[in-house]
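Report on the structure given below.
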Amino acid sequence: MKRLFFYTISMLFFSGSALASTTLTVTHGPTPAPTILDVGEPGDSVGDVRIWRFRAKSSNNKAVMMDWLMTTTGYAKHTTELESRITLSVVSFDDKGKDTIQLQGVGLYPIAGSTLKMEATLQRAVIGGTGKYAGASGTVTSAHLTDGSWQHVFDLE
């Protein structure tokens, strides 16, 4: 009986740790122009919100929907400076929004653009999920590639 108990506990321990770490990759072409809510002072300012919704694909060629909200939190006054923006995103891995990963983070962006400079990367936190990603945590590293496309690598724990 003891042997069966230890065998069961061992199987649970090792199977849990094998399933706990997952890497997912999502790619998409250039981002479309965002919808911009000019919330702060007129023109570019703290409080402005950029909104996107667009299609992407997973590394196994499954359709992915990406929803992004990006709020300016620190405005740069000179074109050579970068401004800070907090991002909240929901990445949906099915067409019903059941299997999602949420991410959040802050990044530095050029004033003239809505996204990171080409060849730049940014790491954000995975703050949760739904469906098969319920309780997800980890990080996502987003890279703006030289051809204008994007790669997002999710390292889930």
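Please give the Cα centre distance for the stretch 50-70 versus the stretch 107-157, rounded to the nearest Å.
11
Short version: ³J(HN,Hα) in whole Hz for each residue of the stretch 49-62, in order, from phi by Karplus 6.51 cos²θ - 1.76 cosθ + 1.60 (θ = phi - 60°), x for Gly and Pro, what are they?
My calculation for the stretch 49-62 gives 10, 10, 10, 10, 8, 7, 8, 9, 9, 7, 5, 9, 6, 8 Hz in order.
So if the hydrodynamic radius of the stretch 22-156 is defined as the Kirkwood radius over C-alpha pairs, what does Stokes-Einstein give as its diffusion coefficient at 20 °C and 1.002 mPa s, in µm² per second? Walk me through the numbers on the way to the answer.
Numbers: Rh = 15.3 Å.
Once the numbers are plugged in, D ends up at 140 µm²/s.
Ser149 to Lys77: FRET efficiency via 1/(1 + (r/R0)^6), r the Cβ-Cβ distance, R0 25 Å, to the nearest 0.05? Spell out each step's value before the answer.
Values: r = 31 Å, r/R0 = 1.25.
Efficiency, rounded to the nearest 0.05: 0.20.
Mind checking which aspartates and glutamates have their Cα closer than 19 Å to the Cα of Lys62? Skip sequence neighbours fewer than 8 apart in that chain.
Partners within reach: Asp94, Asp95, Asp99, Asp155.
Go ahead and collect, in residue order, the members of the stretch 49-80 whose backbone nitrogen is under 17 Å from a label point 7 Å along the Cα-Cβ direction of Ala33.
49-54
Considering amide H positions built from the backbone, and no H for Pro or chain starts, which residues 5 or more places from Ala120, or on another chain, come under 5 Å of its amide H?
Amide H neighbours of Ala120, under 5 Å, 5+ apart: His144.
For the stretch 109-154, what does the equivalent ellipsoid look like in terms of its semi-axes, each the square root of 5 times an eigenvalue of the Cα gyration tensor, given largest first in whole Å? Don't skip to the end; give the middle numbers.
Details: eigenvalues 131, 24, 14 Å².
Taking √(5λ) for each Cα gyration eigenvalue gives 26, 11, 8 Å.
Within straight cross-link reach of Lys98, meaning Cα distance under 15 Å, which aspartates and glutamates are found once same-chain residues fewer than 8 apart are removed?
Hits, sequence-local ones excluded: Asp67.
If you build a Gaussian network model of the chain, linking Cα atoms that sit under 10 Å apart, which residue out of Thr25, Thr139, Thr100 swings the most?
Judging by the Gaussian network model, the answer is Thr25.
How far is helix 2-20 tilted off the main Cα axis of the chain, in degrees rounded to 10, range 0 to 90?
With rounding to tens, the tilt is 20 degrees.
Per the helix-only calculation at 222 nm, which mean residue ellipticity applies to the chain, given -39500 (n - 2.57) for every DSSP H run of n ≥ 4 and division by its residues, nearest 500 deg cm²/dmol?
Taking each H run of at least 4 residues, the total per residue is -4000 deg cm²/dmol.
Each reported figure results from applying straightforward, stated rules to the coordinates on display, with no laboratory input. Everything numeric in this text was worked out from a predicted model, so none of it was measured. As a convention, Cβ positions derive from the backbone with ideal geometry for all residues, glycine included, and neighbour counts pool all protein chains shown.
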